[in-house]
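Only one structure is covered here, and it is reproduced in the block below.
The values are calculated or read from the model by the stated rules, or taken from the named source; none is laboratory data. This is a predicted model, so every value here is computed, not measured. Neighbour counts are summed over all protein chains in view; Cβ atoms, including those assigned to glycine, are modelled from backbone coordinates with ideal geometry.
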Amino acid sequence: MKQHLKDYARNVVETKAREEAGKIMIHMKDRFATVFNYDSDSMPRVWTGNEDIKSITKDARTASLKLLSTMAAIHLDEKPDNIENVLVSSLVDGTVTVSSSQNRKLGPSTDPLASSSWEEVSSKDTLITPVQCKSMWRQFKAETEYSVTQAISAQEAHKRSNNWLPPPWAIMAMIVLGFNEFMMLLKNPLYLMVLFVAFLLSKALWVQMDITGQFQHGAITVMNLLRKLAEEAQGDQTPEAQRRPVSLSSQSYRNETPRPNPVTSSFPESSVSSNISSSDTGMEYSSPPLRQRRTANVEEVESS
């Protein structure tokens, strides 16, 4: 019963191992992506320019290669083998380190991955042959090269975005070639004021016309800038044109308003009779009706 149980367990492990060996390329790319895109604390890497992409790539490929060496054969008997050392030395380091017996058998110039079997591993326990490992590794490197290229591009773009200064040789050339202009500015401070005013005007024009947003939509030309200035000028004149009819209408209303009678307006306010009565609560003012006041004014004019 123990032997049957042992054989059944071994059969289950071998079946599962052969099944996963057929998906070794997927597992290798997953392991590469995990090591390459995440640091030791499982935090996503940000390619800021301080990372050693070459070293990170080597570590990620080495981890994937160790996974390949683990899946290359079944290791239930716990017998020592040299699969990992051969793969690492041949595919990563580029130097082949094999045992002395294999070196005498195959010769010094023979590729250890050109064989169809592993040393000290039986054929029934072999899942991936050395030739298949070499072919898979070549395909693996081709499919993961895009991630490395993207990381290098992101690192260079980050360096360019954070480096606003020109190269040192350009700074030195500007200092040497612009010495006379610098001395002229020191001798004539008025030029500094002119440059400052020009800077303020250009800055205001830049913000007013939203040139940054225009560049995001594509190339921008002088004609586009002039056209936008003309449109903004027309937009500023439109409110004045809208206010002009209002002022004209108010003026016409004033012209249509009847003017006061010169006869009645020529008399001072003292000539208008009024009755003022005082009381304890305050002052009260009462004036005669408008018709009586006009009649009194006419009589005074006739008498005079």
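Test Ser161 against the criterion of being at pLDDT below 85, in a helix (DSSP H, G or I) and among the hydroxyl-bearing types (Ser, Thr, Tyr), and give yes or no.
Answer is yes for this residue.
Okay, residues lined up against (1) in the same structural domain as Arg45 (by TED's automatic domain parsing); (2) loosely packed, with under 11 Cβ neighbours inside 10 Å; (3) not in a helix (DSSP H, G or I):
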{"site": "Val148", "(1), (2), (3)": "yes, no, no"}
{"site": "Ala151", "(1), (2), (3)": "yes, no, no"}
{"site": "Ala157", "(1), (2), (3)": "yes, no, no"}
{"site": "Leu192", "(1), (2), (3)": "no, no, no"}
{"site": "Ala198", "(1), (2), (3)": "no, yes, no"}
Could you figure out which of (1) of a type in the set (Asp, Glu); (2) assigned to a helix (DSSP H, G or I); (3) farther than 30 Å from Tyr38 by Cα isn't true of Glu120? (2)
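So which residues in the range 46-70 are of a type in the set (A, V, I, L, M) and in contact with a helix residue (DSSP H, G or I) (Cβ under 7 Å, 6 or more places away or on another chain), if there are any at all?
Ile53, Ile56, Ala60, Ala63, Leu65, Leu67, Leu68
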Those residues of the range 126-143 which are in a helix (DSSP H, G or I) and not aliphatic (A, V, I, L, M), in sequence order: Pro130, Gln132, Cys133, Lys134, Ser135, Trp137, Arg138, Gln139, Phe140, Lys141, Glu143
Sort out which residues of the range 6-55 are in a helix (DSSP H, G or I), without any contact (Cβ under 8 Å) to a residue 40 or more places away in the chain and surrounded by 11 or more Cβ atoms within 10 Å (Cβ to Cβ), and write them in order of number. Ala9, Asp30, Arg31, Thr34, Val35
